[in-house]
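In what follows, a structure is listed as structure tokens, so that the remarks can point back to it.
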Amino acid sequence: MLTPAQLLNGYARGVFPMAESADDDRLYWFDPPLRGVLPVGGIHASRSLLRDLRRGGWSADFDGFEQVVAACADRETTWINAELTELYFKLHEAGHAHAISTRRGGSFAGGIFGVTLGAAFFGESMVSEQTNGSKMALLWTSQHLLRCGFRLFDTQFLTPHLARMGGIELPRSAYRGRLAAALRRKADFSAHDLPSADQLWQDISQTS
């Protein structure tokens, strides 16, 4: 079984583990030739998403780490098995894993969780329980990482959804260069509170 220290060492080398399914107790290290990243503080929000944010009722918090991880793993097809879940919980207790939950009208709408090391945030998975729940989580996460001094927002792979929000693919060598630069710096995910929905709208609308 992997230890939290071994997992962090893998991230520092540019690789990450996944299981083939929730029922598979084996983990495999991945080192894709192209790596997905999102801009820190520069994520693109569509006009419709900004309108939804502006309508009100949205909020975000740090309170739902276990809920977000469980929701991400509760899918017909998932790469998060029991061992990875336990590792994420241990990293959370050690201050190296975090989640941002979004809520609409006080009800859980979605979220994202990831691992932090130096000034790098390794996004692991995200989930939507309500329309735009995960997109709002990406907006909040990108702005929060900027405020807290992060330099790298790793998404592992680039999906069409992430590409529409400003994600790009980096060749392995370019990614590792950016990773090394981020690891030489320090950032604190807990350095700032999350902005209100109104403040987030102002910040995002200036760059989208």
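The values are calculated or read from the model by the stated rules, or taken from the named source; none is laboratory data. No experiment lies behind these values; they were computed from the predicted model shown. Virtual Cβ from ideal backbone geometry, glycine too; neighbours counted across all protein chains shown.
At-a-glance table
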item: Test: residue 56 is modelled with pLDDT under 95 and either of a type in the set (Ser, Thr, Tyr) or loosely packed, with under 15 Cβ neighbours inside 10 Å (or both); result: yes
item: Subset of the stretch 129-155 (residues that are on the phi > 0 side of the Ramachandran plot and in contact with a Pro (Cβ under 7 Å, 6 or more places away or on another chain)); result: none
item: Helices (runs of 4 or more DSSP H) contained in the stretch 1-84 and holding at least 3 residues of a type in the set (A, V, I, L, M, F, W, C) and over 23 Å from residue 201 (Cα atoms); result: 4-13, 65-73
item: Any hit, the stretch 23-32, residues being out of contact with any Ser or Thr (no Cβ under 9 Å at 6 or more places or on another chain), of a type in the set (D, E, K, R), modelled with pLDDT of 95 or more and closer than 24 Å to residue 167 by Cβ; result: yes
item: Selection count, the stretch 9-29, where residues are among the aromatic types (Phe, Trp, Tyr) and exposed (fewer than 15 other Cβ atoms within 10 Å of the Cβ); result: 2
item: The listed residue being of a type outside the set (Lys, Arg) and either assigned to a helix (DSSP H, G or I) or over 28 Å from residue 202 (Cβ atoms) (or both), out of 125, 101; result: 125
